[in-house]
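The structure appears right after this line, and notes come after that.
Laboratory data are not the source of any read-out in this text; all were calculated from the coordinates shown. Keep in mind it's a predicted model, so treat the numbers as computed, not measured. Glycine gets a Cβ as well: all are built from the backbone with ideal geometry, and neighbour counts include every protein chain shown.
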Amino acid sequence: MLNRRSYVVEREAPGAHASSGPLAGQWVPGAVSVTAVSGSLQPVTDRDAMLLPEGVRERAKSKLYTDPTAVLQTWGIDSQTRGDIVVDEDGERLQVWGTRGYHRAQLDHRRYMLVREPYAR
């Protein structure tokens, strides 16, 4: 892969409603874990952006190519999972929205679609 480097990845554990104490009944977000992934960040093409749902494609920013062993959590409507956040070299927070694996002898890798995070912390 070209221009391979290390990127910070943040993953938020599922939150829950507090059952007791002063926050009883209120939503408590899950803890955030931080790790790193090695890969190549490339600009997204118009054709790639069309693969994303309407309302999200205008935030399409980058594609991240990684080794097949790097597994990032993608955003899921049905599973109600929040995609991992990848922090790029400019400090911009990008959310993982989709993935595709490519499994061939010399080109074994994963491609992740990244979009600008709508609600930066």
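Before moving on, here are some points about what is shown:
- Extension gain from Arg100 to Glu10, taking 0.36 nm per residue of separation minus the Cα-Cα distance: 30.4 nm
- Shape call, the range 1-65: gyration tensor on alpha carbons, a/c limit 1.5: oblate
- Helix-only mean residue ellipticity at 222 nm for the chain, each DSSP H run of n ≥ 4 adding -39500 (n - 2.57), per residue, nearest 500: -500 deg cm²/dmol
- Spin-label model distance (nm) - Ser19 vs Ser38, 7 Å beyond Cα toward Cβ: 4.3 nm
- Computed E for Val28/Val71 - FRET, C-beta separation, R0 22 angstrom, nearest 0.05: 0.25
- Among Thr66, Thr99, sorting on how many other beta-carbon atoms sit within 10 Å of each Cβ, with the fewest leading, yields Thr99, Thr66.
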